[in-house]
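I have placed the structure first, in the form of C-alpha cells, so that the comments after it can refer back to it.
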Amino acid sequence: MDRERPSTRIRVLLADDHAAVREALAVLIDSQPDMEVVAQAGDGDEAVERARQMRPDVAVLDVAMPAMSGLVVTVALKDAIPTTRIVVLTRHGEYHYVQELLRAGADGYVLKQSASSDLLHAIRLVASGKSYLDPLVTGQLTLHYAAKTAARPHESGGEAPTARELEVLRLLARGYANREIAAELGISVKTVEAHKGNGMGKLGMTSRIELVRFAILQGWLRES
C-alpha cells in the first residue's frame, strides 16, 4: 500500500548538468511522502528560468554547472526569489568553497559523497527555515574559527554575551530572519537587531560566516 502523502509537500527544483544524477535524485526525492520534484535544470541559466516559473520551496544546486555556476545561481535566486531556500550539492568540502557559498546566501551545504539521507535531512531543515552544513565540512570551519579566535582577542575586553543575545545568535545561525526571531521570542525587530549587534560584538564577529563557525563549535547546527 502506498504511503499517504501530506497535502502540502516540499516543492524541489533540481539543477545538475548530469542527467543521470538528476534522475537518480528525482527518484529519491519523489519517493519521500513529504517532497516532490517540480522542475529540473541542466545548467545555471535554465535553473534560474525554471525557478522563476515554478517558485520552488527548495532549490538543490550542483556547484559546477555550465552557463552559470551554482554560486552565481545562488546569488541570482536569493535576489529574485528570496523565499526559495537553497541547498548546494558538491564534491568540494574545502573551506573557501563553503565560505563563498554561505556568503552568497546558501542555506544548506551537502557533499555528494555523503549518504542520501543527509540530502533529504538538509532539504527538510532548510524548508523549515533552518540551516544545514554537512558534518564532513564542519571540521574545516571549526579549525579556521579556532585559529582566528586564538590570533585575535575579542575587542570587547572579554565581556560575555547575555543569555538573550546568545538566543538571538543561535536562531540567526539556524537561518531565522529578524522578523521570525522577534515573533519567536516575543520582542521587537529593533530589539533583535540590538541583541545581534551586541552579541556579535562581544564575540568579535563581523560576518555571518563567523557566526556559523561559532554555531558549529557550540553544536547549534546539529539540533534537529
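Data for the structure
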quantity: Residues satisfying the stated conditions in the stretch 26-44, i.e. at pLDDT 95 or above and in a helix (DSSP H, G or I); calculated: Ala26, Val27, Leu28, Ile29, Asp30
quantity: Residue check for Val126: assigned to a helix (DSSP H, G or I), at pLDDT 70 or above, touching a Lys or Arg at 6+ places or on another chain (Cβ under 6 Å) and among the aliphatic types (A, V, I, L, M); calculated: yes
quantity: Matching residues in the stretch 166-211 - criterion: being farther than 28 Å from Val87 by Cα, among the small types (Gly, Ala, Ser) and out of contact with any helix residue (DSSP H, G or I) (no Cβ under 8 Å at 6 or more places or on another chain); calculated: Gly186, Ala194, Gly201
quantity: Selected residue (only one of Ala163, Ala183 is more than 30 Å from Asp30 (Cα to Cα), among the aliphatic types (A, V, I, L, M) and modelled with pLDDT of 90 or more); calculated: Ala183
quantity: Filter result for the condition that a residue is assigned by TED's automatic domain parsing to the domain that holds Ala215, at pLDDT 70 or above and not β-branched (Val, Ile, Thr), over Leu102, Leu119, Leu71, Leu169; calculated: Leu169
quantity: The lone exception for Asp30 - which of (1) touching a strand residue (DSSP E or B) at 6+ places or on another chain (Cβ under 9 Å); (2) among the acidic types (Asp, Glu); (3) closer than 20 Å to Tyr132 by Cβ it fails; calculated: (3)
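The values are calculated or read from the model by the stated rules, or taken from the named source; none is laboratory data. This is a predicted model, so every value here is computed, not measured. Neighbour counts are summed over all protein chains in view; Cβ atoms, including those assigned to glycine, are modelled from backbone coordinates with ideal geometry.
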